[in-house]
Amino acid sequence: MKGLIVITFRTLLLASIAAGLAADGELETFVPRVIGSTNPIWLDADGDGRFQSAFDDAQGIVEQHRTDPEKLRETLPRYDAAVAVQVESLMSPASN
């Protein structure tokens, strides 16, 4: 069983990909393919009743602190790398 857990500040995504033994009980040689997977399970970690992606979190941070880069830098450590990357993309000259 292989699993993927992506955690952001406000939302948690759980997904699972399963692989098993061959019919004769021997381990199969790894073949890169999806054998079975779950749909994402979104957990509302902050209890606001809605899904928020890393991009949504980044938009809120940028809207709140766009004119104050120091406050923006102070805020980012409370978020994960996915949010930080989205903030960077929103603050880049190409996105303006």
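Bear in mind these aren't lab numbers, they're just calculated from the coordinates by the rules spelled out. Predicted, not measured: the structure shown is a model, and the values here were computed from it.
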| Extension gain from LEU90 to ASN39, taking 0.36 nm per residue of separation minus the Cα-Cα distance | 15.5 nm
| query | Using the eigenvalues of the Cα gyration tensor, what equivalent ellipsoid semi-axes result for region 54-95 when each is taken as the square root of five times the eigenvalue, whole Å, largest first? | reply | 13, 13, 9
